[in-house]
Structure formats: structure tokens, C-alpha cells
Amino acid sequence: MEKKPFVTFEQLKEIDKTYPTPYHIYDEKGIRKNLENLLEAFSWNKGFREFFAVKATPNPFLLQILKDYNCGVDCSSYTELMLAEKLGFDGEHIMFSSNATPAEEFQYARRINATINLDDFTHIKFLEEVAGLPETISCRYNPGGVFQLTNGIMDNPGDAKYGFTKEQLFEGFKILKEKGVKNFGIHSFLASNTVTNEYYPALAKVLFTLAVELKEQTGAEIKFINLSGGIGIPYRPDQEPNDIFAIGEGVRKVYEEVLVPAGMGDVAIYAELGRYIMGPYGHLVTKAVHEKHIHKEYIGCDACAVNLMRPAMYGAYHHITVMGKENEPCDHMYDVTGSLCENNDKFAIDRMLPKIDMGDFLVIHDTGAHGFAMGYNYNGKLRSAELLLKEDGSVQMIRRAETPADYFATFDFCDILK
Ligand SMILES: *Cc1c(COP(=O)(O)O)cnc(C)c1O
């Protein structure tokens, strides 16, 4: 499928008068429509709730949009819990899925009544000691081995640091029950960025079957099953996007097959989607500022890997549109680079693009999740601004760009730089 930016060349020229590149820009209309579809696809389940994975796009303005749809948030750290609390999410709308969790994070999660999703068997004792056990608790499951879907997609739970083994889960539920826990949830995240409608239904089958066994063997009252994240997006133009309605329907079938006959037809389905919700609705906008002709052809731009780490870190593909040249032939092969003193700072390698001239706007697609969020300050580079393209076409700054003062802020305890 052809990848088209959600902003026009004209809009970018207009934005450029106020906000210099590079910046991330988000598409409010796209985010809202996507959320509406997700909620409709799972509307058959009375208790369905999306807890947006805050780590994917931790911007308060964007989290506020999700609030309009009664979404919750999935937090993994102290500051993410702070963000959720400050935005007025109540305990019912905060999932705390963390691992190797510090005591003060459990204490904070308990204070604001977030639902804790325990990552490990030993955390039962730890949580009890540092913060006390709540009435409702969730446990994360790791089946081990290899998780494989028919289209070749696979992941390796056996190598993943997360979750309880099956034996630990049964033992853990018994202990938690004896200690007075009343309501239970189970959670699992078995494959990341799955571009197939099969993942959620296959995961649902694993978790629903497990839930029935857990209920039968431990008597635990299972209130929710959390399918977590992992629904992917088509980063490449040749990928077929997921059909959320087919996914919702696939999960419904398994629900009817496994849970309903076991008398568990009132279990709520939870999701913690990050990438699927926000990924396609963010662009990193940058300008070509240098061209270099050595052993290869390079385009240097004013963004770099600190603005978008995925290509450098995972070799991830991100589509690039050269604005205003959408209909020109892709007859030039470029490496599109940032300015870090690190050779993996390349947004694209051997990419066929139209001829790029200095000052051209490059739109780097699908940066709405795990994009800005993974930013860092290597080479003294500063994080960019984030902008929101609102439904009425206006543009709002939703995070200012860092300045050198931000970079030096952590030396404010002394006068070495005064
Ligand atoms: C990262 C994460 C998610 C979101 O993953 P996506 O790939 O963005 O869907 C959800 N739940 C947990 C526990 C996570 O760590």
C-alpha cells in the first residue's frame, strides 16, 4: 500500500514559519478514528478496556485524547505513574506492568490504587512486605519455548525475562488467594509488532485456556484477561495492515469457545496497545541540509538517531517521503543520515528516492510510538519539539524542543558551569 503522509507540503511550509525542523508531529484525526475502530471491534466484550502503553508516547496532550474514550494507561515506572496521576487517571484506569520493580514504585502504585501486574513469583512476597497486597491483582505469564503463528511470525518467550512460569502461576494464585486477594487478572505479551490478524486470537486461546485451568484448580475469581501490546503496524509499504475488526472477531470466537462454556462469560478483556494506537499517526519531519558524494551518496539531515532510534537500534525500516516530489521517479540511491558521530545513525540505507535537494522536507513515517519516547542526548544532541495536527487543521505545540539549558540542568546542584 502506498504510504502517504498525513500532512501536506503546503502545511509543512506553513508550520516551518513557527517551528523549525526537526520535530515529531501527530495526527489527532487519525488517532481518534483508530481508537473508535478499536473500541467498536471489541464492543462485544462489556468490560473491554484499552490501557495505552505510556512508554510508547509519553505525551500528556496525547494521553488526554485517549481519556475521551475512557481508555486507561499502562505504566512501567515511577514517572509514568506520576504522569497518569497528574492527568487524573484513577486507579481503575491505571495498569502497572513493570519488571525488576523498585519498592517505591510498588508503594506509589498502591497509593494511587493502580492495578498491579506482577512480573514474578518472588514479587508476591516483595510486594506484601513493601506495600501490602491489594484486593485485585494481575500476574504476567511466560509460557517459555517458541511462540509461532502460521505465517512465519514467531517470538521467543523462552528467552524473555518477563513473567511467571505456568507452575509458578498456579502456586502464586494459591498463595495470593490465601493471603486475601479476591480478584485476579492474567497478562501475557508473547510477540511484538505482529502484522497479522492471527496474533491476538492465538494469544487469547493460550490465556483463556489457562484462565479456565486456574479457576478450576485454584478457585481464583478471574476478572480480566490482559492481551497486552504486540499488534503491529505496516512499517513497509508492501505490508498488509492489520484489520482490527477481524482481530476483535477472532478474539470473540475464542472467547465463545473457551470462556463461555466454562461459565466465565463475564471476564473483561484488556489491551495495552501502544504501537498500534499511535505508531502510524506520528511523523518525524526533518530537512536535508547536506549532501555528500564519497563511496556512496549521503543525504545529511537535521534530525538524527536521538530523535528516532529504531533504525539505529533494530535496523528498523521507516518509510521516507520527499515532500513535493511524491510523483517523481525514485531513481537515486541514498543513505539518509543524521549527524551523530556514530555510523549507525542512518534513517535509511541504500534507499531509492527522488533526487533530494538541500532544504527538502523529508517525512519519516510511523514514528508515533517508540519514536520520540526512545530519545536520548548522545553527542549533546537535544530532543525535538512535538506538535499536534488538530482535527481543524491547526497546529499546537505539545512539547517544546529542549534547549542547552535542559542539557545542563542536571548540574544545577553546583557552580562548575556558572
Ligand atoms: C511495551 C509494552 C506494551 C506496548 O507494546 P506495543 O508493541 O507498543 O504494542 C504493552 N504492554 C507492556 C507490558 C509493554 O511492556
Length-normalised contact order for the chain - Cα pairs under 8 Å, 6+ apart - percent: 19
Percent accessible area from carbon and sulfur atoms, the range 368-418, protein chains only, probe 1.4 Å: 57
q = 0.07, 0.08, 0.14, 0.15 Å⁻¹: log10 I(q)/I(0) that the Debye formula gives for the chain, counting C-alpha atoms only: -0.37, -0.48, -1.27, -1.39
Percent accessible area from carbon and sulfur atoms, the range 15-107, protein chains only, probe 1.4 Å: 49
Counted charge near TYR200, where neighbours are those whose Cβ lies closer than 13 Å (Asp, Glu -1; Lys, Arg +1): -2
DSSP-defined antiparallel bridges as percent of all bridges, the chain, nearest 5: 40
Highest average packing first - 55-62, 164-171, 278-285, Cβ atoms within 10 Å: 278-285, 55-62, 164-171
Centre separation in Å (Cα based) which lies between the range 99-156 and the range 7-57: 28
Residue-normalised accessible area of the range 1-60, given per residue in Å² at a 1.4 Å probe: 48
Whole-number accessible area per residue in Å² for the range 186-322, which is evaluated in the context of all protein chains at 1.4 Å: 36
Computed helical MRE - 222 nm, the chain, DSSP H runs ≥ 4 contributing -39500 (n - 2.57), nearest 500: -8000 deg cm²/dmol
Equivalent ellipsoid dimensions for the range 46-198 as semi-axes, Å, which come from the Cα gyration tensor, largest first: 24, 23, 13
Apportionment of accessible area to carbon and sulfur, the range 240-287, percent (1.4 Å): 48
10 Å-binned pair-distance histogram of the range 304-408 (Cα, whole percent): 13, 40, 36, 11, 0
Mean-position separation - Cα centroids, the range 322-397 and the range 217-291, in angstrom: 27
Those lysines that a straight Cα-Cα span of less than 22 Å connects to LYS253, excepting residues fewer than 8 apart in one chain: LYS46, LYS205, LYS215, LYS223
Neighbourhood charge, 9 Å Cβ-Cβ cut-off, centred on SER339 and excluding it, Lys, Arg +1 and Asp, Glu -1: -1
Over 23 Å (Cα to Cα) - which of LYS29/LYS67; LYS33/LYS86; LYS3/LYS287 fall in this group: LYS33/LYS86
Convex hull volume of the range 235-284 per residue (C-alpha atoms, cubic angstrom): 89
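The values are calculated or read from the model by the stated rules, or taken from the named source; none is laboratory data. This structure is a prediction, so every number in the text was calculated from the model and none was measured. Counting neighbours? That spans all protein chains shown, and the Cβs are built from the backbone with ideal geometry, glycine included. SASA here: full protein model, heavy atoms, side chains in, ligands and nucleic acids out. Shrake-Rupley method; radii C 1.70, N 1.55, O 1.52, S 1.80 Å.
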